[in-house]
Amino acid sequence: MGRPRAKRAGGGIRRLFTWRKVLGAVLTVGVLGIGTFIALYIAVDVPDANADAKKQANVFMYDDGSILARAGSVNREIVPLSQVPKAVQHAFVAAENKTFYQDSGVDLKGTARGLVNTALGRGKQGGSTITQQYVKNYFLDQEQTVSRKAKELIISLKVDQEMSKDDILAGYMNTSYYGRGAYGIQAAARAYYGVDARDLTVEQGAYLAALLQAPSQYEWSGASETSRKLALQRWNYVLDNMVGMDWLDAGARSRMDFDTPIAPKPPAGLDGQAGYLAKLAQDELAAAGVDKAEFDAGGWQIKLAIDKKKQRALEAAVDDKLRTDLDPEKRKVDSHVQPGAVSVDPKTGRIVAMYGGESATKHYTNNATRRDYQPASTFKPLILAAALENSSKTQAGAPIKASTVYDGTSKRPVKGSTIPFAPENEDDRNYGPISVQKAMNKSVNSVFAQMAVDVGLDKVKQTAINLGMSEKAGGFEAKPAMSLGSMGGSPLDMAAAYATLDNHGKKVTPRLVLSAERGDQKVDLPEEQEGEQVVDRTTADTVTSVLAGVVDDGTGAVVRSAGLDIAGKTGTSDDNKSAWFAGYTPELVTTVGLFGEDAEEGGKQVTLYGTGGGGRVNGSGYPAQIWADYTRAALKGESSAEFDLDTDQGAAITLPSTTPTAPPTRQGRGPDPTHSTPGGQDPSDPESPTDPPTDPGRPTTPTIPPTDPVTPTAPPTKPTPPTPSDPAEEDDPNTGHNG
């Protein structure tokens, strides 16, 4: 018998793992894996974008394109790929995913490695494609779990099938974080280089692409020497890859130098004046059809008409001429002062500067647009415009002109009105017979109350609306008290009306927003075009001529220091609750208002008396000083423009000389036609000097009698005692200080 064969070593293991069994196991796992993948592919849909990925800021810009403010919790502005230079697009692909244009949206090796390392708890792993990173940013989150990585794989495959490579690349560039609080390529371009994405150079784009690997480490301003070396290495890597992929010429690459980013700046928020401007811009966009939800979604780039230098000049003027005098701890009234101002280009209607208050985060009401205070005597020029436009006559039948004489007696009852009205002049002063020009200079209430009735109160109101005042203003009723500016009116309203006068009677509609776009979406805004002729040119120019006389010889004389051709009018409301100066040059219209508001009493209107340690606050005080300081700075003291007036009335008109030896006068300036007596003395002004005061910077001319007859409304008589007003009548006189 032969010996039995020894058992072969490991025979049990071989029986357990035969090649057939191993192959079967592999096939089983493969089939299960494929089945699982198919099941997941069917089960997992492309989700909606996560909330954070859609958040954007609204960006407000000055007229030169520089940033005024950003509004939104996330500093992101989504831009289409068409607004990113092709070379910059290539820099991102060269940095992150060289096979991007050929792959299926996933890197299987990188994803498998990521899954294993995630399962073993080794933290965040790279190796994802641009598509996968876009999916993670836009559809998912930054959670590091096996299930999240599996979802990322499935969704990336689907996204690659459903979206174009350009859309995926745009989504990736717009959702990535670049450091400095900047999300997306547009915000990053501004944060690091102060430019729009469309203006990035290859060198700048390569650095932004390099940042995505380690934004905190590579952020230049805070990087250590080692981190800066690493950032430069990454920057060179990006450019070299571009050369290798024939996206960049090797010669051009060799000449490229690293473009050092600008110093970081805090994001421009909505404090200060920015908040007021942003709110007014939103109101204009709402009127153009952009609803609040659409606006709040963010992503808007809004260019405003605000001129940066003029805006700063206006803010400085308020600070220098007003706020330096205020001491709220010492004087309670100083805490009640609310300044507002607006400046408009009379040719285009552009709002070039605006002051809404101390700060939009401290005082929420925009003082430049509020209509709850009376514009007072700044309304008087609109009454004269109505008289001229309607060829109105006095009660005695005389045409109303600059030289027409009225009775300037204080508390004189108006004639021709069914509503009793007897307004008091400032300081209850009686002027007796006084020309319209001089009455405008001295802001004589009794004269303009009578003139408004002579014209017709409805006609006065309509002319004011035609010029630019709002029909929606509170208290705008066709009653005699309207003559004192008793309706509500904002600095912006008055700037609109005065701009129309400055523009020779062609309607000026102030506008703040020049353009608004979000991606490829643009808002259809009204075109900048000349408005219709709402009052005759001669009407507008005559009012301008008369208002120039106010500046030369009246309550607006303080603004002469600006050294320009100026027309303007002061205003001081009842009980000194508001004080105004509205004025213009041929190039610029600006209205300044001061409002008394007690915040502790719920915004109650209170007197300004005692502001800055003085007495009554007149329009010729702080408002006129702010106006003059601002206008001088805004026009840089270089304006040589003169009013081109088509009129033969008013103090700004040089009348034809009957004396051959009369010295020449500058165009647009001359004697006040109310000075019709020898030596220039005005019989209606007991304090008028024998020789009228002159501006040393202005040439003078001999006094010439007016060409129009000076026709009093009634023969001079003793002043008529005032008729008591009906106590039940709401149009009771706003007596006091409407100067």
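Any read-out appearing in this document is the output of simple, stated calculations on the displayed coordinates, not a laboratory observation. Keep in mind it's a predicted model, so treat the numbers as computed, not measured. Positions of Cβ are generated from backbone atoms using ideal geometry, with glycine treated the same way; all protein chains shown enter the neighbour counts.
Could you tell me the calculated FRET efficiency between D257 and R198, based on Cβ-Cβ distance and R0 = 22 angstrom, to the nearest 0.05?
Values: r = 22 Å, r/R0 = 1.00.
It comes out at approximately 0.50.
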Exercise. Among the lysines, which fall within straight-line cross-link reach of K151, defined as a Cα-Cα distance under 19 Å, with same-chain neighbours fewer than 8 residues apart omitted?
Worked result: K109, K124, K136
Problem set entry | Linear extension gain, D325 paired with Q521, 0.36 nm per residue minus alpha-carbon span | 65.8 nm
Exercise. What aspartates and glutamates could a cross-link reach from K636, if we take a straight Cα to Cα line under 13 Å and drop same-chain neighbours fewer than 8 places away?
Worked result: E587
Exercise. If packing is taken as the mean number of other Cβ atoms within 10 Å per residue, what is the order of 346-359, 593-606, highest first?
Worked result: 346-359, 593-606
Problem set entry | Under 12 Å from the Cα of K292 - aspartates and glutamates, other chains or at least 8 residues apart | D283, E284
Exercise. What length, rounded to one decimal in nm, is gained on full extension from A316 through to Q462, with 0.36 nm per residue of separation minus their alpha-carbon distance?
Worked result: 48.9 nm
Exercise. Under a point spin-label approximation (7 Å from Cα along Cα-to-Cβ), what is the S164-K362 distance to one decimal in nm?
Worked result: 5.1 nm
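Using a Förster distance of 60 angstrom, determine the FRET efficiency expected from the C-beta separation of A268 and N430, and round it to 0.05. Could you put the intermediate results ahead of the total?
Numbers: r = 55 Å, r/R0 = 0.92.
According to the calculation, E is roughly 0.60.
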